[in-house]
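Got a structure here, written out as structure tokens. Questions coming.
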Amino acid sequence: MKNPTVTVVIPAYNEEKVIVDTINSIRGQTYQNIIQILVVDDSSDDRTGEIARECGVDVVRTPSNSGTKSQALNFAFPYLKGELTATVDADTIIEQKAVEQIIEKYIEEPDIASACSFVIPQRRKNFWELSRTIEYLYGSFIRKKAQNCMGIPIVCSGCFSIFNTNLLKDYGFEARTIAEDMDLTWKLLEDHKKVRFFPDAVCYPKEPYSWDLYKKQILRWFRGYYQNFGVHKRDLWKNKRLALFLHWYLIEGLAALGFYGLLIWSVFFPFTQYLVVTSPVSLVLPLKYIGVWIFSIGVFGIYVASFYQAHLLKISKWDVLKGLPCFLVLAMLNCAMFWVAFIYEWVLKRKLGVWQKGH
């Protein structure tokens, strides 16, 4: 590939307040061969489609609201003109050089099927936004880079990712789960297609700013994870690295609630240690202390990773300092939500089928 043509697809439902900023961020890209910006108006009730047309981009409208982002994206397939297709959420701003930085990698490795970027919240004001900032800084620095080293980034985020257009049309986005980006990424990896994470490219989505919005988003993510596990359970072992990572994350997510419970008990009820010492289950005492030490080392590691990545991205160190306590609380909340998703999806068998906005 030499200077491949790029189509940018923006699925949008009732996004009139943010669609202009997203389009402008794409128009401001340093990469000069973006030949098409295509907005898929998923039968919005507001002026999303009209505003996008006024911006001078291509707009197609679904006959009726599809209910899931996956089907809105599939609706765009007949209209794609570029050799590569970038998918961008309608509430996401793309850093000026982001497309160029990923395309440079495609030119070096033309067999890349899909590539994703670093994600940082647009706003970092309240508890939810600050905690999510640390989650992304730490998660992408540690987890995502580790996955990339193993050749298995487990999600090419819907916020901003770039695909080989022909492969994208062949695979498509299926409506069988509520997390279409995860579903497609796992399919590609199971078939040993090349998926990459490029941290130098950055996008800035609009994150939830209240508990109600956060709950909708995080439950959609977690329930999508369980749904994908069910859909892919027979195919995961085609890629053993992928299977091992995903099973580890499942065990870690379910076990974390017990770890945090032990930690809280150790911190807030230290007097019980005397009862434990004199009881037949005295082995619980060193376990408590081990939990505290692991937690302390973990906090230190999160601080170091977050500060380093914030420095690279020119994010205020003050935001990191404010965000870490918020993140620690959020981590415990996420453990509870992971169990809620588990109960809904795998115990009660009440599958989430409607895509709920997280902003």
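Within the stretch 184-211, how many residues turn out to be farther than 20 Å from ALA90 by Cα and not hydrophobic (A, V, I, L, M, F, W, C)?
Count: 10.
Which ones in the stretch 28-52 are within 20 Å of ILE94 (Cα to Cα) and loosely packed, with under 15 Cβ neighbours inside 10 Å?
Across the stretch 28-52, the qualifying residues are GLY28, THR30, GLN32, ILE35.
Among the candidates ILE112, ILE107, ILE142, ILE103, single out the residue that is touching a residue at least 60 places away in the same chain (Cβ under 8 Å) and under 28 Å from ASN334 (Cα atoms).
Criteria check complete, one pass: ILE142.
May I pose another question? Can you go through LYS351, LYS322, LYS317 and tell me which one is modelled with pLDDT of 65 or more and loosely packed, with under 12 Cβ neighbours inside 10 Å?
Step by step, each of LYS351, LYS322, LYS317 is checked, and only LYS317 is modelled with pLDDT of 65 or more and loosely packed, with under 12 Cβ neighbours inside 10 Å.
Looking only at the stretch 308-346, how many residues end up being over 19 Å from ASN126 (Cα atoms) and part of a helix (DSSP H, G or I)?
17
Right, something else. How many residues does the stretch 223-263 hold that are free of Cβ contacts under 8 Å to residues at least 24 places away in the same chain, surrounded by 14 or more Cβ atoms within 10 Å (Cβ to Cβ) and either acidic (Asp, Glu) or in contact with a helix residue (DSSP H, G or I) (Cβ under 6 Å, 6 or more places away or on another chain) (or both)?
Residues that pass the stated criteria total 1.
Collect the residues in the stretch 130-172 that are closer than 17 Å to GLY82 by Cβ and either in a helix (DSSP H, G or I) or among the aliphatic types (A, V, I, L, M) (or both), keeping them in residue-number order.
Answer for the stretch 130-172, where residues must be closer than 17 Å to GLY82 by Cβ and either in a helix (DSSP H, G or I) or among the aliphatic types (A, V, I, L, M) (or both): ILE162, THR165, ASN166, LEU167, LEU168, LYS169, ASP170, TYR171.
Which condition from (1) surrounded by 15 or more Cβ atoms within 10 Å (Cβ to Cβ); (2) charged (D, E, K, R); (3) part of a helix (DSSP H, G or I); (4) assigned by TED's automatic domain parsing to the domain that holds GLU15 is the one that ARG220 breaks?
Of the numbered conditions (1) surrounded by 15 or more Cβ atoms within 10 Å (Cβ to Cβ); (2) charged (D, E, K, R); (3) part of a helix (DSSP H, G or I); (4) assigned by TED's automatic domain parsing to the domain that holds GLU15, the odd one out for ARG220 is (4).
The values are calculated or read from the model by the stated rules, or taken from the named source; none is laboratory data. None of the values given here were measured: they were computed from a predicted structure. When we count neighbours, we look across all protein chains shown, and the Cβ atoms used for this are built from the backbone with ideal geometry, even at glycine.
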